[in-house]
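The values are calculated or read from the model by the stated rules, or taken from the named source; none is laboratory data. Everything numeric here is computed off the predicted structure, so don't read it as measured data. Glycine gets a Cβ as well: all are built from the backbone with ideal geometry, and neighbour counts include every protein chain shown. For accessibility, only protein heavy atoms count, side chains too; no ligands or nucleic acids. Shrake-Rupley method; radii C 1.70, N 1.55, O 1.52, S 1.80 Å.
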Amino acid sequence: MSLLEEDKLRSLVVEGAKQVYSRGLVEAGEGNISVRVPDKNQMFITPTFNTYKDLEKAEIVHLEFSGKILSRGRKPSSEYQLHADIYQARPRAMAVIHTHSPYATMLSAARKTIPVLIEEQVIFLGGFVNISDFASAHTQEFSKNVIKALGSRNGTLMANHGCIVCGRTMKHAIKMAELVEKLAKIHYGATQMGGTVRISEKSCPMFIDEFEENFATHANRILQCEED
Ligand SMILES: [Zn+2]
């Protein structure tokens, strides 16, 4: 990898981290943002104890999916294994963002899924927002449960933890992280007003097609609707 390429990937992680921080989706010391190194079993990820505000390119950690650190300096986020496992399960995912954004985390603690409430959700995320079974962070079971809950979609809540999204680009992943939090707020608010009315995923095939063409990161499509 050339120095220029490495600089570009480090910049992408810093940009993603600052964007999610500025939108209040993460706080200092939580969440993590990564990009895949194209055609290699490697990634760049935010460091452990990341404070976001003053994050610099030099602090971003380069490591192999096995966990072997290739850069000097900071240690990677302790949740790096989840990112590595998602990249390995998702050939088209180039960026992963994990947040503990407040409404998504609230729903994850209440163990709620988010049905399809707006069509935008089908286009970017591929349908409803599922929730993974609980497992302690940093375990193989944790990754397994999250990947299972993702199904063919680009984002999921993680039981009693937060949410995670993956995209073909960092820009896509930022959009998805924002969207999951917006949906969690809508779901919470609508529930206070008497309950949500879901849209059937089967009733919007053109949006599923748009998702598949422009945003999907899965290897094999599994059509799994919440109403199934
Ligand atoms: Zn976390």
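Quick rundown of the values:
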{"read-out": "Reachable lysines, given that their alpha-carbon falls under 16 Å from the alpha-carbon of Lys75 and they are not under 8 places away in the same chain", "value": "Lys57"}
{"read-out": "Loop chymotrypsin sites (Phe, Trp or Tyr not before Pro), the stretch 75-151 (other Cβ atoms within 10 Å of the site Cβ: 13 or fewer; DSSP)", "value": "none"}
{"read-out": "Average projection area in nm² (convex hull over Cα atoms of the chain, one quarter of hull surface)", "value": "11.7 nm²"}
{"read-out": "Proximal aspartates and glutamates to Lys144, defined as alpha-carbon separation beneath 12 angstrom and excluding residues fewer than eight positions away on the same chain", "value": "Asp85, Asp133"}
{"read-out": "Cα-based helix-to-principal-axis angle, 140-150 vs the chain, degrees rounded to 10", "value": "50 degrees"}
{"read-out": "Portion, in percent, of the accessible area of the chain that falls on carbon or sulfur, probe 1.4 Å", "value": "52 percent"}
{"read-out": "Cross-link table Lys18/Lys175; Lys8/Lys182; Lys18/Lys171; Lys112/Lys148; Lys171/Lys202; Lys8/Lys148, entries beyond 20 Å C-alpha to C-alpha", "value": "Lys8/Lys182; Lys171/Lys202; Lys8/Lys148"}
{"read-out": "Leading residue at positive end of dipole, the chain (Cβ point charges), from Ala149, Val20, Val180", "value": "Val20"}
{"read-out": "Kirkwood estimate for the stretch 23-107, i.e. one over the average of 1/r between Cα atoms, Å", "value": "13.2 Å"}
{"read-out": "Placed amide H near Ala159: partners under 5 Å, 5+ positions off or other chain", "value": "Ser132"}
